[in-house]
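The values are calculated or read from the model by the stated rules, or taken from the named source; none is laboratory data. The structure displayed is predicted, hence computed values, not measured ones. Neighbour counts run over all protein chains shown; Cβ positions are idealised from the backbone, glycine included. Accessible surface areas use protein heavy atoms only, side chains included; no ligands, DNA or RNA. Shrake-Rupley method; radii C 1.70, N 1.55, O 1.52, S 1.80 Å.
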Amino acid sequence: EPAGDAATPDLSAAGPEGRAARTALALREATAAGGWALLDHPMLALEVAGSPAYLEPDAVVVHPDGRWTVVEIKSFPMIDASADASKVGAAARQAAVYVLALERVAAVTEGAEVGHQVLLVCPKDFSNLPTASVVDVRKQRAVTRRQLTRLTRIEDIAAELPEGTTFDPACAPDELDAAVAAVPPAYAPECLAACELAFHCRAKSRAEGAVEALGRSVRGELGGLTTVA
Ligand code: SF4
């Protein structure tokens, strides 16, 4: 289709909530208009453990027939039309979360349907030209959906904490220390690359002799054994 025919709605708004509302409105308008539309960095909301999480896909395309497609742009190369399988897998899992978030908006939009195939855009071979491939994320979507329904709700975790616990950075260090210590860690070595509390949780897990500190695969091999000793 000629690129000039696609609408590119302005999605700017204040704060993630405002941007998510603006995105939902743009999706509804584009679907009702029945043409092509490209939403550049829309904002989506998804409930995770009973609390809203805001997500920003690279783009979402609205088709004239009301279908919505997630577009994910990555920097790893597609060499001879194939890319590193683990990186494609990670991109598919990420896109599946966007699909789930989009489905919430589609459920209240007449004539809308979210495609379970996403468009993965990567550099072609060793150049800086883009190329794209369609990736089916039905499996990743089903797995993520199941995992989301099994997550412990934040209210339930909070209910276990002592009365008055707060994580306000403005409170005294020993108060904060006690608050953080009251939450049981679920440490795994992957935390080191992703979480600022990694050293704290690692020390706590090691002190308890938790097998999780050795990695998820070791944890899996050990079955019912929960401590290193
Ligand atoms: S390091 Fe972060 S992600 Fe890992 S268990 Fe601790 S708080 Fe959770």
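Consider the range 1-22. How many of its residues are part of a helix (DSSP H, G or I), modelled with pLDDT of 95 or more and open to solvent by 90 Å² or more (accessible area, probe 1.4 Å)?
1
Of the conditions (1) part of a helix (DSSP H, G or I); (2) more than 12 Å from the ligand (Cβ to nearest atom); (3) in contact (Cβ under 8 Å) with a residue 12 or more places away in the chain; (4) open to solvent by 40 Å² or more (accessible area, probe 1.4 Å), residue 166 satisfies every one except a single condition; which number is it?
Going through (1) part of a helix (DSSP H, G or I); (2) more than 12 Å from the ligand (Cβ to nearest atom); (3) in contact (Cβ under 8 Å) with a residue 12 or more places away in the chain; (4) open to solvent by 40 Å² or more (accessible area, probe 1.4 Å) one by one, residue 166 breaks only (1).
Please pick out the residue among 107, 158, 142, 90 that is closer than 18 Å to residue 42 by Cα, surrounded by fewer than 17 Cβ atoms within 10 Å (Cβ to Cβ) and without any contact (Cβ under 8 Å) to a residue 12 or more places away in the chain.
Just one listed residue meets the conditions, 107.
Could you tell me whether residue 133 is assigned to a strand (DSSP E or B) and over 27 Å from residue 20 (Cβ atoms)?
Yes; evaluated as a whole, the condition is true for this residue.
Inspect the range 116-130 for any residue being of a type in the set (Gly, Ala, Ser) and under 22 Å from residue 43 (Cβ atoms) and give the result as yes or no.
no
Restricting attention to the range 175-218, and to residues there that are near the ligand (Cβ under 9 Å from one of its atoms) and of a type in the set (Gly, Ala, Ser), which single residue is farthest from the chain's Cα centre (by Cα)?
205
Here is a list: 59, 30, 37. Which entry is in contact with a helix residue (DSSP H, G or I) (Cβ under 6 Å, 6 or more places away or on another chain) and at negative phi? Write out each step before concluding.
On the way: 59 fails: in contact with a helix residue (DSSP H, G or I) (Cβ under 6 Å, 6 or more places away or on another chain); 30 fails: in contact with a helix residue (DSSP H, G or I) (Cβ under 6 Å, 6 or more places away or on another chain).
It is 37.
Hey, residue 226 hits all of (1) within 16 Å of the ligand (Cβ to nearest atom); (2) of a type in the set (S, T, N, Q); (3) modelled with pLDDT of 90 or more; (4) open to solvent by less than 100 Å² (accessible area, probe 1.4 Å) but one; which does it fall short on?
(3)
Is it true that residue 149 is of a type in the set (Val, Ile, Thr), assigned to a helix (DSSP H, G or I), surrounded by 15 or more Cβ atoms within 10 Å (Cβ to Cβ) and more than 14 Å from the ligand (Cβ to nearest atom)?
no
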